[in-house]
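The values are calculated or read from the model by the stated rules, or taken from the named source; none is laboratory data. Everything numeric here is computed off the predicted structure, so don't read it as measured data. Here the Cβ positions follow ideal geometry from the backbone for every residue, glycine too, while neighbour counts run over all protein chains shown. Heads up: the accessible areas ignore ligands, DNA and RNA and are worked out on the full protein's heavy atoms, side chains in. Shrake-Rupley method; radii C 1.70, N 1.55, O 1.52, S 1.80 Å.
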Protein chains: 2
Amino acid sequence: MAYIPSRDLVAGVLRSEQRAVARMLSRAEAGSDEARQALDDMFQHAGRAHIVGITGVPGSGKSTLVAKLAAGIRRTGRRVGIVAVDPSSPFSGGSILGDRIRMADLGADPGVYVRSMATRGALGGLANGTLESVDVLDAAGYDIVMIETVGVGQDEVEVARAAHTTVVVSAPGLGDDIQAIKAGILEIADVHVVSKCDRPDANRTIADIKAMLTLGLSLKPQGERGRWSAPVIATTSVRDEGVTELLAAIDSHYAHLVASGEIEQRRSAINERRMLRAAEEILRSSFARHRESHVARLMAGLSARTLSPHAAASRLLADLRMGEKA
Amino acid sequence: MAYIPSRDLVAGVLRSEQRAVARMLSRAEAGSDEARQALDDMFQHAGRAHIVGITGVPGSGKSTLVAKLAAGIRRTGRRVGIVAVDPSSPFSGGSILGDRIRMADLGADPGVYVRSMATRGALGGLANGTLESVDVLDAAGYDIVMIETVGVGQDEVEVARAAHTTVVVSAPGLGDDIQAIKAGILEIADVHVVSKCDRPDANRTIADIKAMLTLGLSLKPQGERGRWSAPVIATTSVRDEGVTELLAAIDSHYAHLVASGEIEQRRSAINERRMLRAAEEILRSSFARHRESHVARLMAGLSARTLSPHAAASRLLADLRMGEKA
């Protein structure tokens, strides 16, 4: 199979041809220099999709919920893209979860596109190519693009910053420690889900989240997020319960963003964040290219402890012609 | 209480005066410009401590184990510093876990210093000040400095990169999903711990980890980590079982690093990583200072989608005089 230059894939992506989309996604994930201009084109053609982040602790049933939600979106006639960020071994780069299998029943529908990505230890938890993959699906005309993350901590924050609407999934009975950590990410939710509500302790979890929300809201600066009040949706994926309500809440949040004008603030915050991340990426690659010369000299100073990491970094930035890779 | 300039604290830290250490740690965490030179001094006086990272999923009983381990280290006559990185709300900056309370019984011993830090959404999970805090405790003469992280994913990788010896704590019965994710971080362990071994399903967890290690080792490039074979230590903190064995394994790993010469490779890798992180931090602060001028113009291009994040980042780096803050 001949290699197709990335620029020749752009038109195919814009026509939503599955093979062009698949290839462009691979190049977004690989982050190859050859694809740079094409990925910039993707960004320029994107901007219409509703980006939804779905996050929560391991074991909260996110993947099942995402699959059910995708089916629900399809029933409204809209097309949906899914970028699933898997935890992966930082050293092998291998993906370890088999969750994607649950998506299998959606595979035959051309209105659904599912892409699983490894995180590969990118700073901030989301792989560098994740947001460019979202651009690809957005440019290909998917109406809703969901980013699903597995894990707790940084990933959630990154998702909150990259999505228009952030859904945080909690589940009953995951233990106190986990729920405590979840409390740290409750604030980033535009919509809360308590999954597995067939379990007897689900009402307790719902009540806990509502109690934390009441407490949290009173501490928040007024008007920071408009007047949106994050709903708590109870779902039972195995019985398809609550999925319609969840989709309604997601749609309703988007309508609120548009009506209030807040969508522009969110888009702007996402763009700023992405620019900063791209600058860091350029910095890293510049660092890698100069490893033998500048960097080796600075490393010798660090090793002898005559130079601190901060002082070495300042010299590195002053020495390197940072813009050269533009 | 009068403010003491950071430079005047350096001598006190080197004499291991608790109040000087406490103040310097606060400044490391705050990352103030005023403390820059003093923190660089800390780095230059550091380098003798054995840095031990302790990590694992929420609920694995890390904090209790760290407290027991600290008591064990004290019984050998050595002094121990602990930097505990708490998960925190990225928006409020508040710390949410009460784990530190379990450390309370160590508080009266001047040979133990415990510092709890918030993560505050720093890229990579570990707060920027974490490694400079380790420098402070190292410069103050603590023989072993432990970094304890809570969470899964990026934090573990950062710890592995910042520590000479990485201990990964697993616990029985935390659920399949969590154990699967744990599998992703098994590779970074120099020493494995299975905690809570009074539970009936502990043997299963031990067997699982050993099975994964057997599988993993055969896939690893030969000699990448010398000939060290990560042991699996069973502990029951409530009965103080296994703690002596764990300390012996940690000491044994350090002896291996020194004997094999691998310690220098690890130190070098840590320094390189720290330099890169410091460069990113300078970049961020430069970005923040130019928000009104350069950045605003680039943001307009992003908003109109005439400029991609990558193209905007290249211009940003070319425009800014990166070295100015050196």
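Observations, loosely collected:
- Listed by position, the strands (runs of 3 or more DSSP E) contained in the range B:185-304 that have at least 1 residues being within 30 Å of A:R284 (Cα to Cα) are B:224-227.
- The single condition among (1) over 30 Å from B:M299 (Cα atoms); (2) within 8 Å of chain B (Cβ to nearest Cβ); (3) among the charged types (D, E, K, R) that A:R36 does not satisfy is (1).
- Selection count where residues are modelled with pLDDT under 95 and open to solvent by less than 10 Å² (accessible area, probe 1.4 Å), scope the range A:47-57: 5
- Yes/no for A:A22 being surrounded by 21 or more Cβ atoms within 10 Å (Cβ to Cβ) and either modelled with pLDDT of 90 or more or more than 11 Å from chain B (Cβ to nearest Cβ) (or both): no
- Taken over the range A:248-297, the residue count meeting the criterion of being of a type outside the set (G, A, S), open to solvent by 30 Å² or more (accessible area, probe 1.4 Å) and more than 26 Å from A:E29 (Cβ to Cβ) is 9.
- Subset of the range B:39-71 [within 14 Å of chain A (Cβ to nearest Cβ), under 21 Å from B:L257 (Cα atoms) and in contact with a strand residue (DSSP E or B) (Cβ under 6 Å, 6 or more places away or on another chain)]: B:A49, B:G53, B:T55
- When the range A:25-40 is limited to residues that are in contact (Cβ under 8 Å) with a residue 40 or more places away in the chain and open to solvent by 10 Å² or more (accessible area, probe 1.4 Å), the one that is nearest to A:E158 (Cα to Cα) turns out to be A:E29.
- Selection status of A:G31, touching an Asp or Glu at 6+ places or on another chain (Cβ under 9 Å), at the interface with another protein chain (Cβ under 9 Å from one of its Cβ atoms) and modelled with pLDDT under 95: no
- Matching entry among B:R297, B:R274, B:R266, B:R284 (being facing chain A (nearest Cβ under 10 Å) and at pLDDT 80 or above): B:R274
- Here A:R78 meets each of (1) open to solvent by less than 10 Å² (accessible area, probe 1.4 Å); (2) away from every other protein chain (no Cβ under 13 Å) with one exception, condition (1).
- Candidates are the residues of the range A:316-326 that are buried (at least 19 other Cβ atoms within 10 Å of the Cβ) and modelled with pLDDT of 65 or more; the one that is nearest to the other protein chains (Cβ to nearest Cβ) is A:L317.
- Among the residues of the range A:7-63, the ones that are part of a helix (DSSP H, G or I), farther than 19 Å from A:A84 by Cβ and hydroxyl-bearing (S, T, Y) come to 0 in all.
- If the condition is being farther than 16 Å from A:D240 by Cβ and not in a loop (DSSP other than H, G, I, E, B), then the range A:64-83 contributes A:V80, A:G81, A:I82, A:V83.
- Residue identified as modelled with pLDDT under 75 and open to solvent by 50 Å² or more (accessible area, probe 1.4 Å) among A:L186, A:L217: A:L217
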